[in-house]
1. List every residue pair whose Cβ atoms sit under 8 Å apart, with the two residues 6 or more apart in sequence or on different chains, where the first one lies in the range 106-131 and is free of Cβ contacts under 8 Å to residues at least 40 places away in the same chain and farther than 15 Å from residue 69 by Cβ and the second, anywhere, is open to solvent by 50 Å² or more (accessible area, probe 1.4 Å) and of a type outside the set (D, E, K, R).
2. Considering 133, 106, which residue is out of contact with any Gly (no Cβ under 8 Å at 6 or more places or on another chain) and either surrounded by 11 or more Cβ atoms within 10 Å (Cβ to Cβ) or under 22 Å from residue 25 (Cβ atoms) (or both)?
3. Does at least one position in the range 116-123 carry a residue that is over 19 Å from residue 25 (Cβ atoms) and not β-branched (Val, Ile, Thr)?
4. Could you tell me which residue of the range 33-57 is surrounded by the most Cβ atoms within 10 Å (Cβ to Cβ), considering only residues that are part of a loop (DSSP other than H, G, I, E, B) and either touching a residue at least 12 places away in the same chain (Cβ under 8 Å) or in contact with a Gly (Cβ under 7 Å, 6 or more places away or on another chain) (or both)?
5. Which residue is farthest from residue 134 (Cα to Cα), if the candidates are limited to the range 58-69 and must be aliphatic (A, V, I, L, M) and open to solvent by less than 30 Å² (accessible area, probe 1.4 Å)?
6. So which residues in the range 70-88 are crowded, with 22+ Cβ neighbours inside 10 Å and over 13 Å from residue 36 (Cβ atoms)?
7. Please enumerate the residues belonging to the range 94-103 that are surrounded by fewer than 20 Cβ atoms within 10 Å (Cβ to Cβ) and either among the acidic types (Asp, Glu) or in contact (Cβ under 8 Å) with a residue 12 or more places away in the chain (or both).
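The values are calculated or read from the model by the stated rules, or taken from the named source; none is laboratory data. Values in this document were obtained by computation on a predicted structure and should not be read as measured data. Backbone-built Cβ (ideal geometry, glycine too); neighbour counts: all protein chains shown. SASA here: full protein model, heavy atoms, side chains in, ligands and nucleic acids out. Shrake-Rupley method; radii C 1.70, N 1.55, O 1.52, S 1.80 Å.
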Amino acid sequence: MNRAPYRAGRSLKPFRRPWLWAGLWMLVIALVVVASLVPGRDLPDLEVSDKTEHLAAYALLAAGAVQVFARRRSWAVVCVLLVLMGIAIEFLQGAMGQGRTMDRYDALANTLGVLVGLATAFTPLRDALLWLDSRLFRR
């Protein structure tokens, strides 16, 4: 029986270790969620505006999606989900009573960050992780 080689999902780029990169990206998502929900006093002061932190975190998540996923439809779905996640986290911050408050401008910064990260799809850097994967895991 002649079988085609296993390829992890049509949406992932053709990495040699696709689940490694997808898993690392999901780990970063989890870190952003945890950092967003722990009390603010438990986080280090980065001495930048919290809006800048929000924008940078969500730009990183969206740029990571561009690196991991091959299809534009996947980018669009992930980016919509990231925006919804940012909004949901803001509601949770307000509801949890852990010293954090809901802030619509944080949600806006998250959304702008997603757009910045998505914009990397239209640069030569969109396949940087694929290039790195091919160098790290040569056959």
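1. The qualifying pairs are 107/87.
2. On the way: 106 fails: out of contact with any Gly (no Cβ under 8 Å at 6 or more places or on another chain).
After applying the criteria, what remains is 133.
3. As a first pass, look at the range 116-123 and keep what is over 19 Å from residue 25 (Cβ atoms): 122.
Within this subset, residues satisfying the condition of being not β-branched (Val, Ile, Thr) are 122.
Yes - at least one qualifying residue is present in the range 116-123.
4. Looking only at the range 33-57, we keep the residues that are part of a loop (DSSP other than H, G, I, E, B), and these are 38-39, 43-49.
Right, trim to either touching a residue at least 12 places away in the same chain (Cβ under 8 Å) or in contact with a Gly (Cβ under 7 Å, 6 or more places away or on another chain) (or both) and you get 38-39.
Working: 38: 14, 39: 11.
Looking at residues that are part of a loop (DSSP other than H, G, I, E, B) and either touching a residue at least 12 places away in the same chain (Cβ under 8 Å) or in contact with a Gly (Cβ under 7 Å, 6 or more places away or on another chain) (or both), I get 38.
5. We begin by selecting, within the range 58-69, every residue aliphatic (A, V, I, L, M); these are 59-63, 65-66, 68.
Retained after the next criterion (residues that are open to solvent by less than 30 Å² (accessible area, probe 1.4 Å)): 59, 61-63, 65-66, 68.
Working: 59: 24, 61: 22, 62: 22, 63: 19, 65: 18, 66: 17, 68: 14 Å.
The qualifying residue farthest from residue 134 (Cα to Cα) is 59.
6. 78
7. Step one: list which residues in the range 94-103 are surrounded by fewer than 20 Cβ atoms within 10 Å (Cβ to Cβ), which gives 94-99, 101-103.
96, 98, 99, 102, 103, listed by residue number.
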